[in-house]
Amino acid sequence: MPVLPTTAYGTVEGIFNEARAIVNDMMFSQSGEILTDTAPFTFPMLNRAATYFENVLINHGMKTFVKETVLSPVLPIAVNDPGVQVNISDTGYFDGSINHAQPQLPTDLQTPLFLWERQTGSTEEWFQMRQVLDGLPSWVQTLRLAIWEWRQDAIYMPGATQSEDLRLRYTAEVVQFATPNDTVLIRGSQSALASYLAAVFAESRGGVMATNAKATGDDFTLQIARRNTRAQQRVTTTRQPYGGSHNAAWK
């Protein structure tokens, strides 16, 4: 007989059912009387709980939230001037003079991690750019962007004299839900999210169980984080020196 496909990922409906069981909202039906799928407050509460859950995991270094994309083209700087900078933000690309609609930051971006660059349309290797933490230096623009800074929710760079493509690695917001059939793309997360949802629901009604439900969610989340940490411990890593850059392009 054919084997039905299965998945390690849960669904929002599974979270709802477990949360309803925790808050005793299954006295008459599994679909609940108060915390129902269609109640106007259910999804805002779930997404509030999911945001907290996601931030805890990101702070523990979970790789689930790491994504990559290519930003293209980063046009040449409009004016060769050491005092001029370009930037990519939610509103597009500023070339030092005017703003272009594209490229813009991914809508799910939380924090950029690494940037690489290469000439637009080429097949050359990607050159890693160096992140600057305390302000970009002033220099005359050359072929490469070379360095970048994250400030005011935008990626700032000195600009280049040729068009460049950027490969961006970043932490992303992935847990926002809209329907009971949505898949939760974090393995083993159902009980943690259900506990956090129960905590938000109980707190909104002055329930004394809110603190215990949140503590239970924290315990489940810590187990997920520890599992991720142990998986990473199998790989030997060497810390990059402060201010260092592998394969960085310079002037």
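No lab work stands behind these numbers, since they all come straight from the coordinates. Since the model is a prediction, treat every value here as computed from it, not as a measurement. In this analysis, Cβ positions are derived from the backbone assuming ideal geometry, glycine residues included, and neighbour counts consider all displayed protein chains.
Tabulated results
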quantity	calculated
SER31-GLN119 FRET efficiency (beta carbon distance; Förster radius 45 Å; 0.05 resolution)	0.20
Extent along principal axes [Cα atoms of the chain; Å; largest to smallest]	71, 46, 42
Highest to lowest packing among 45-55, 139-149, 91-101, scored as the average C-beta count within 10 Å	45-55, 139-149, 91-101
Fully extended contour minus Cα-Cα distance, from THR91 to SER72, at 0.36 nm per residue	5.4 nm
Placed amide H near LEU113: partners under 5 Å, 5+ positions off or other chain	ARG169, TYR170, THR171
Helical mean residue ellipticity (222 nm; -39500 (n - 2.57) per DSSP H run of 4+; nearest 500) of the chain	-9000 deg cm²/dmol
In order through the stretch 134-145: 3J(HN,Hα) via Karplus (6.51 cos²θ - 1.76 cosθ + 1.60), integer Hz, x for Gly, Pro	10, x, 6, x, 9, 8, 6, 5, 10, 5, 10, 6
Whole-number percent relative contact order across the stretch 65-172, with pairs defined as alpha carbons under 8 Å at least 6 apart	40 percent
Residue-by-residue Karplus 3J(HN,Hα) for the stretch 35-45, coefficients 6.51, -1.76, 1.60, Hz, glycine and proline x	7, 8, 4, 9, 4, x, 9, 5, 6, x, 5
Residue-wise HN-Hα coupling along the stretch 210-227, computed from phi with Karplus coefficients 6.51, -1.76, 1.60 (Hz; x: Gly, Pro)	4, 5, 5, 5, 5, 4, 5, x, 4, 5, 4, 5, 4, 5, 5, 5, 5, 4
Difference of contour (0.36 nm per residue) and Cα-Cα distance, ALA178 to TYR9	59.2 nm
Among PHE127, SER89, LEU143 - extreme Cα towards positive end, dipole of the stretch 65-172, charges at beta-carbon	PHE127
LEU222 versus VAL140: modelled label distance in nm, points set 7 Å from Cα along the beta carbon direction	5.9 nm
Amide H contacts of GLY92 (H built 1.01 Å from N, under 5 Å, at least 5 apart or other chain)	LEU105
Modelled FRET efficiency - R0 25 Å, ALA101 with TRP126, Cβ distances, 0.05 increments	0.55
Placed amide H near GLN141: partners under 5 Å, 5+ positions off or other chain	ASP81
Under 11 Å, Cβ to Cβ, from GLU68 - net charge with Lys/Arg +1 and Asp/Glu -1	+3
The stretch 65-172: radius of gyration over Cα atoms, expressed as a fraction of 2.2 N^0.38 Å	0.96
